[in-house]
Every structure is written in structure tokens, then in C-alpha cells.
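Coordinate-derived values only; no laboratory data. Remember, predicted model here, so these are calculated numbers, not experimental data. Don't worry about glycine lacking a Cβ; one is built from the backbone with ideal geometry, like all the others, and counts go over all protein chains shown.
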Ligand code: 13P
Ligand code: SF4
């Protein structure tokens, strides 16, 4: 627990013993008890960019979820070992697109005669297999902080985009940032024959959205926005683009976790904010900015933590650091060479976006 001074001391001692051999990365959704030990914190983009920042570190301890650790392994050298303190820290959204399902989808697009016009754009929140598929088919990865730039790039390469696996980020970016209409988007359901779409529907669409979503952000609703506006007059509603379209359309501001932090840093004293993203981050921001007179509340009090992000707790971090300090490599995340090569192509296209 955060108040267990023994565990805090053990984590500190193991980290000190490891010295420059270890580099700890922490996503903004991590618990306070964990984030205090991160050398770098960030959103998914910043963590992908910074993963390779310490080439001398033998171990990269990734406090986040599985797809982030895979991406760090892909983007770092072969002798750097990436460790995920709890292997059960997955992401339900990433699990919504499997390699088999996506290969089947590509067959459907080929069958409809449109595969050559389609550029895959995959959200960072996807497995290394999906990133490899994306690289193989000339596509790019994106995160919530560069989705518009990724789509701009993709529409220079082809006429249509297959957006995997978060339908909401895909739709929100297309409609809110690119001026497309909801009718330009169709949803491909991997559990239905032909994705539940006719060849005509596929040919008419600009954005083919995979039917995936985030189980945390999907729970914010238009009612959450209306209720908080009624409760707190003058409140600014700031949400993550993984929220449903009607929530994003009703919000005042939309952005990644890093964007949310920057917006609150820049906010004037006395301003009021309702934040629609994961609870660990919102609580931390509410505590951090309360002394400056900024009132920060959670957009919907019935929405809870990301349960898989929360699996990385102080006991798991202590266990990982102490094991490494004793020379035992535990919980290594290693992407196989062939997958890595194609996934890296897609990730590097993202890192090269203007
Ligand atoms: P960002 O930190 O990139 O905004 O992503 C949020 C998220 O859901 C990560 O799982
Ligand atoms: Fe996945 Fe949502 Fe959790 Fe992010 S917040 S790790 S998208 S389930």
C-alpha cells in the first residue's frame, strides 16, 4: 500500500543498487505508489519516444500495460531487456483485435476490391502482431496525441483508412479534427461475417473503424457531461478521445493524458474542471492543483480505475526491482524478430510524422 514505508524503502534500495542499469518508465494512469519511482512519466507517445533514451540501461522496467512494454522492446536495442512487473497487466482494448481477425478483415477488404486503397492506422493500444500487420501493409501507428497527423499522412497514401482497434479515437479524430461526417465512417465487427458490412458499404466508406473500445472511457456518457455542468456552473469539461463520440462532441476540450496535464498546468486559479479519463490520474491532478485554487473533479463518479493499469502496484514493483538487483531477469517482454521488424516499421513511421 502507498503508506507501507517498508515497501517504499525496499523499492528505493533496490533501485539505488541497480543504479544506471535500470530505467523506470511510468504511464500517467499508474498508482501514486508506483509513479513516485518512475524516471520518466508520460502519455503513450512520450513513453514510446523516451523508451530508447537510456541506451546504457540494461533493464527497462515498464510501469504500464503489456502493449506499451512490447513497444518499448521493439524500439530499444536487443541487449536491453524490458520488464513488466505484472504479466497480467494487459489492455482489454488491445485484446479486441487479434492477428487472425485482422487478417480475415483484410481478406474481406480484398474481396470487396478496396484493399489497395486502404491504409491501416493502428492505435498504440494494440498488440505487436497488429503493429506488424500495419507495417506490412504500408500503415502507421498513432497515439491519442498524434492521431490527426497520422490520418493526414494516411490519406496522402491512400483513399481509405482501416483504423484499429479503437473505434472512438478513429471516429472522434475523423469527425472532430478532419471534418468528415459520421456517414463517412463504418464499423467493422470482427464477430460477424464480413464484419457485418456489405461490399457497397465498404466501398462508400472513408474510415473503416474496428469495433473496439476502452472499457474505462466507454463508461462516460452524455449524462455525465450534462450532470456535471448542472452541478458545477462554469465547469470546463476535458475528456480523453477514447470517450464515445457524443461525450467528445459535448466536451470543451479533448486530448491525451499529457495534453490534460498541460491544460491544467496552464489553467487559471479559480477555474473548475471535470476530467473524463482514468481515476489515478484525475485524483493526482486534483491533489496537485488544489493548493493553486483549481477545482478538479472526476467527470463521472461511477467510473473507476483501469483495472489492468492498477495491477502494477508497489509489491509487484518491489519484487521486479529486487529480482533484477539480485541478477534474476523476471517478467521479460520480448517480441519475436519477424514481428518486431514490421512493427518497428509502423512505429518509426509514427515517430517520423511531421
Ligand atoms: P495516452 O496516455 O496516450 O493519452 O493514452 C491513454 C491510454 O488509454 C493508455 O492506455
Ligand atoms: Fe486499455 Fe483503457 Fe486501460 Fe488504457 S485505460 S490500458 S485503453 S483499458
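Quick check on the stretch 247-354: take the gyration tensor over C-alpha atoms, sort the square-rooted eigenvalues as a ≥ b ≥ c, and tell me if it's rounded (a/c under 1.5), prolate or oblate. Intermediate values should be presented prior to the final figure.
Numbers: a/c = 2.49, a/b = 1.50, b/c = 1.65.
Note, shape of the stretch 247-354 comes out oblate.
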Per-residue Cβ contact counts at 10 Å, fewest first, order 232, 141, 260 as 232, 260, 141
Full-extension gain between residue 265 and residue 304, please, as 0.36 nm times their residue separation minus the C-alpha to C-alpha distance. 11.7 nm
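How much mean residue ellipticity at 222 nm does the chain get from its helices, if each DSSP H run of length 4 or more adds -39500 (n - 2.57) and you divide by all residues, to the nearest 500 deg cm²/dmol?
Working: 15 runs with 144 residues, N = 354.
Here the helix-only value at 222 nm equals -12000 deg cm²/dmol.
Just for the stretch 217-298, what percent of DSSP beta bridges are antiparallel, to the closest 5? Working shown, then result.
Details: 0 of 10 bridges.
If I count the DSSP bridges inside the stretch 217-298, around 0 percent turn out antiparallel.
Need one word for the stretch 94-214: rounded, prolate or oblate. Basis is the Cα gyration tensor (sqrt eigenvalues a ≥ b ≥ c); a/c below 1.5 gives rounded, then a/b vs b/c decides. Intermediate values should be presented prior to the final figure.
Details: a/c = 1.32, a/b = 1.09, b/c = 1.21.
Rounded, because the longest to shortest axis ratio a/c is under 1.5.
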Running a GNM on the chain with Cα contacts under 10 Å, which residue among 137, 168, 191 ends up with the highest mean-square fluctuation? 191
Simple label model, 7 Å out from Cα along Cβ direction - residue 204 to residue 337, nm: 4.9
What is the spread of the Cα atoms of the stretch 74-165 along each of their three principal axes, largest first, in whole Å? 44, 27, 24
To the nearest Å, what is the center-to-center distance of the stretch 32-66 and the stretch 78-104, using C-alpha atoms only? 17
What is the Cα centroid distance between the stretch 185-254 and the stretch 309-352, reported in whole angstrom? 30
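When 178, 93 are ordered from fewest to most other Cβ atoms inside 10 Å of their Cβ, what list results? Can you show the working numbers first?
Working: 178 17, 93 27.
Fewest-to-most Cβ neighbours within 10 Å comes out as 178, 93.
So what is the relative contact order for the stretch 217-298, in percent, with contacts set as C-alpha pairs under 8 Å and at least six apart?
Details: 124 pairs, mean separation 23.6, N = 82.
That works out to 29 percent.
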Exposure proxy order (Cβ contacts within 10 Å, fewest to most) of 301, 211: 301, 211
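Rule-of-thumb check for the stretch 72-111: C-alpha Rg over 2.2 N^0.38 Å?
On the way: Rg = 15.3 Å, N = 40, 2.2 N^0.38 = 8.9 Å.
Compactness ratio reported: 1.71.
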Scattering from the C-alpha atoms of the stretch 1-154 alone, worked out with Debye: what is log10 I(q)/I(0) at q = 0.14 1/Å? -0.75
Quick one: Debye curve from the alpha-carbon atoms of the stretch 217-298 only, equal weights, vacuum; give me log10 I(q)/I(0) at q = 0.12, 0.13 Å⁻¹ to two decimals. -0.29, -0.34
Can you bin the chain into rounded, prolate or oblate? Criterion: square roots of the alpha carbon gyration tensor eigenvalues sorted a ≥ b ≥ c, rounded for a/c under 1.5, prolate for a/b above b/c, oblate for the rest. oblate
